[in-house]
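Trainee: First the structure, which I've put down as structure tokens, then a few questions once you've had a look.
A short reminder: the numbers here are calculations on the coordinates, not readings from a lab. Given the structure is predicted, the values throughout are model-derived calculations rather than measurements. Here Cβ is always computed from backbone atoms with ideal geometry, including for glycine, and neighbour counts include all displayed protein chains.
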Amino acid sequence: MSTVGNTSLDAYLGPPKKINGVDVYTMDRYKMEPPPGGFNKDSYTWHTVDFSSWTHMSSVQNAAERSFSSTHMSLSEHIGSVAQPLLNEVVSSAKEFFSGRISADSFAKRFTQLTDEFVNACKERQYPNALAASFSGEPALLGFYEEARRLVLKTAVSANFEEGKQFLTGEMNSQRIMIYYNSDYYYMSEDAISAIDENILSYAKGKGMEEFEIPDYNALGWNQYDNFNSVFSCNPNGRWNNGILYDDYILDYDMVPPKGFRWFYQSGGSAGGDIREISHSDKHGKHYIDYSKFDPTNHLTATTWAAYTDSRGKLNYISTDFNFGSIGKDLYNLSELLTFPGGKNKEFAEVNNFLKNFRVFQQGYCSWDTTPRTGWSAKA
């Protein structure tokens, strides 16, 4: 098995295919960077690409990766100076949409206008070069679309997070976790993505790009591009800087939430990362300290609630306090903690089933220092 530093390529890229007796690892847009362990002498296999399933859009994707990736959009002086102001406008428009100030249709039209500006700017600047400029329409379109789509989903999760701050008890610090999920943002983001996809496909056909397609990001495993659930699960706390922690809170990204559903969870903890006494002994024996109630300063305690507005407009609410570590479990499925009564009712059965799709744990229980881009998961 080939390795990269201390990391096997099989673990990092998935199992290889045997082609003419050689292990061939299929690359994706995120595996251009080395893993934390770095390269070793066998790393030549890292650059091998499987062309067996090459399609028109595979070629477009490859060209987009070479010249229109997220890195090019942000760091390339030649094209980044054009892309960043346009992408900033995408984010501003997305914020208007998620706050209810504009419709999905209005947002999609503005999105398409910004995309057109970018594609035309690339041609005018003869980017990536004079020879390739006339063939760069589709890669430029796809590159801008993908980066903008990522930012739209990120904006949805950030808006969801900001809304949840109102439910936080006490002061937030690095030892604590606060998670809030409002299914409204799932449905709004689905509406936004559906609208921009429809407009972009129409735009592509109008420009003679008849074979242009929107990639299946779920199949590719590109979680930051897939849907609200996949982005939320990787970044529920709104921490978007380099070195953020990566935790999976949702087990199935494709599971559609019930409308009118909200969930909140917070763990306790102090900024100093204190060690709490579990028990003490005296002449009368061993006594365990009662941590049954949530304390925002105590990392061994946590609390969670779920709310659901049913079809009759009635708000249903359940909550519980619970423990971690030496007192409780390290990992819980949310359904162990919360269950709406009346499970025989079809609506409540649907909500309870969705609760099974979440899990909770202490800060850093299944985290890496750097966000895994695809493939790796904390779901195991």
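Trainee: Where q = 0.09, 0.10, 0.15, 0.18 Å⁻¹, what log10 of I(q)/I(0) comes from the Debye formula for segment 68-219, counting one point per Cα?
Mentor: So the normalised log intensities are -0.34, -0.41, -0.81, -1.06.
Trainee: Describe numerically, in nm with one decimal, the distance between label points set 7 Å from Cα along Cα→Cβ at LYS205 and at LEU331.
Mentor: With each label placed 7 Å out from Cα toward Cβ, I get 4.6 nm.
Trainee: While we're looking at this one, here's another question. Could you please report the charge total around PHE212, scoring K, R as +1 and D, E as -1 over all other residues with beta-carbon less than 9 angstrom from its beta-carbon?
Mentor: Charge balance near PHE212 sits at -2.
Trainee: How much length is gained on full extension from SER59 to ASP191, taking 0.36 nm per residue of separation minus their Cα-Cα distance?
Mentor: Here the segment from SER59 to ASP191 would lengthen by 44.6 nm.
Trainee: While we're on this one: For a quick check: sort LYS154, LYS314 by the number of other beta carbons within 10 angstrom, fewest at the front.
Mentor: Fewest-to-most Cβ neighbours within 10 Å comes out as LYS314, LYS154.
Trainee: Between beta-carbons, use under 10 Å as the cut-off and find the net charge around ASN182, counting Lys and Arg +1, Asp and Glu -1.
Mentor: Result for the neighbourhood of ASN182: -1.
Trainee: With θ taken as phi - 60° and the coefficients 6.51, -1.76 and 1.60, list the Karplus ³J(HN,Hα) couplings across segment 162-172 in order, rounded to whole Hz; mark glycine and proline as x.
Mentor: Karplus values, whole Hz, x for Gly and Pro: 4, 5, x, 4, 5, 9, 5, 9, x, 9, 7.
Trainee: Could you please rank ASP226, ASP254, ASP191, placing first whichever residue has the fewest other Cβ atoms within 10 Å of its Cβ?
Mentor: Exposure proxy ranking, most exposed first: ASP254, ASP191, ASP226.
Trainee: Provide the net charge surrounding LEU87, with neighbours chosen by a C-beta distance below 10 Å and charges set as Lys +1, Arg +1, Asp -1, Glu -1.
Mentor: Counting the neighbours of LEU87, the net charge comes to -1.
Trainee: Would you please give the residues with an amide H less than 5 Å from that of ASN316, counting only those at least 5 places away or on a separate chain, with H modeled from the backbone geometry?
Mentor: HN-HN under 5 Å from ASN316: TYR308, THR309, ASP310.
Trainee: Follow-up. Taking neighbour Cβ counts within 10 Å as the exposure measure, how do ARG149, ARG312, ARG262 sort from fewest upward? Show your work: numbers first, answer last.
Mentor: Numbers: ARG149 24, ARG312 6, ARG262 21.
Neighbour counts put them in this order, fewest first: ARG312, ARG262, ARG149.
Trainee: Report ³J(HN,Hα) in whole Hz for each residue of segment 250-266, in order, from the Karplus equation J = 6.51 cos²θ - 1.76 cosθ + 1.60 where θ = phi - 60°; Gly and Pro get x.
Mentor: Values per residue, Gly and Pro as x: 10, 7, 10, 5, 7, 6, 7, x, x, 5, x, 9, 9, 9, 9, 8, 9 Hz.
Trainee: Next question, about the same structure. SER103 to MET172: extension gain in nm, 0.36 nm per residue of separation minus the Cα-Cα distance?
Mentor: Gain on stretching SER103 to MET172: 21.5 nm.
Trainee: Once label points are set 7 Å from the Cα along Cα→Cβ at both GLN126 and VAL91, what is their separation, rounded to one decimal in nm?
Mentor: Using points 7 Å along Cα→Cβ, the separation is 3.3 nm.
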